[in-house]
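Everything on this sheet refers to the single structure shown next.
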Amino acid sequence: SAERMKEKKALLAEDHLMSARTASRRGDQMLAMRFLRGSLSLDSSNPVYFQEMGHLLAQNQKWKKEALSFYHRAFHLDQENMDILYDVAELAVDLELFGFAKKTLGHIMHEKPTHIKAKRLMNKIRNQV
């Protein structure tokens with residue numbers, strides 16, 4: 001019974017994620033965040049929900065720094081996903097935290113030397129600074 005309830009919550013959380021993505025594509029970021037909050041409350045062990053919330057928050061200038069905490073949680077749950085760290089590095093560049101961005105990109109390139117987007121962003125930072 002407990003296992004079935006957990007499966008139902010996971011399915012509902014996935015439904016909320018799909019609704020959040022639809023709302024985001026339509027330009028309703030606040031509705032998208034409400035759906036993602038629902039996903040997070042139903043299943044706080046899925047890094048995708050934290051990463052999606054980070055994406056949404058990063059789109060708004062007022063919430064960019066808060067987005068970092070969601071990306072951090074996503075990476076904590078899935079430490080092999082270098083794309084999460086790439087999102088962090090992009091956001092750090094946007095916030096003009098170039099040292100943090102370089103450190104993050106360095107970690108990505110250490111773990112996955114073939115990560116082309118990380119190499120490009122690192123070169124872009126080096127040319128700017």
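The values are calculated or read from the model by the stated rules, or taken from the named source; none is laboratory data. Not measured: the values here are computed from a predicted model. FYI the Cβ positions are ideal-geometry reconstructions off the backbone, even for glycines, and counts take in every protein chain you see. All accessible areas refer to the heavy atoms of the entire protein, side chains included, with ligands and DNA or RNA removed. Shrake-Rupley method; radii C 1.70, N 1.55, O 1.52, S 1.80 Å.
Points worth noting:
- Residue in segment 24-39 that is open to solvent by 90 Å² or more (accessible area, probe 1.4 Å) and not in a helix (DSSP H, G or I) present: yes
- Annotation: of all residues in segment 48-85 being in a helix (DSSP H, G or I), within 23 Å of T114 (Cα to Cα) and touching a helix residue (DSSP H, G or I) at 6+ places or on another chain (Cβ under 6 Å), the one that is most open to solvent (accessible area, probe 1.4 Å) is L77.
- When E7 is tested against (1) open to solvent by 50 Å² or more (accessible area, probe 1.4 Å); (2) within 20 Å of D87 (Cα to Cα), exactly one condition is not met: (2).
- Some residue of segment 101-122 being closer than 19 Å to R73 by Cβ and assigned to a loop (DSSP other than H, G, I, E, B): no
- Within segment 54-100, being of a type in the set (K, R) and modelled with pLDDT of 95 or more holds for one residue alone: R73.
- Segment 11-23, residues that are within 17 Å of S44 (Cα to Cα) and open to solvent by less than 60 Å² (accessible area, probe 1.4 Å): A13, H16, L17, A20
- Contact map, segment 108-129: first residue loosely packed, with under 11 Cβ neighbours inside 10 Å, second residue assigned to a loop (DSSP other than H, G, I, E, B) and among the β-branched types (V, I, T), Cβ cut-off under 8 Å, separation 6 or more or different chains; the map is empty.
- Segment 88-100 - residue that is assigned to a helix (DSSP H, G or I) and open to solvent by 20 Å² or more (accessible area, probe 1.4 Å) and, of those, nearest to V48 (Cα to Cα): E90
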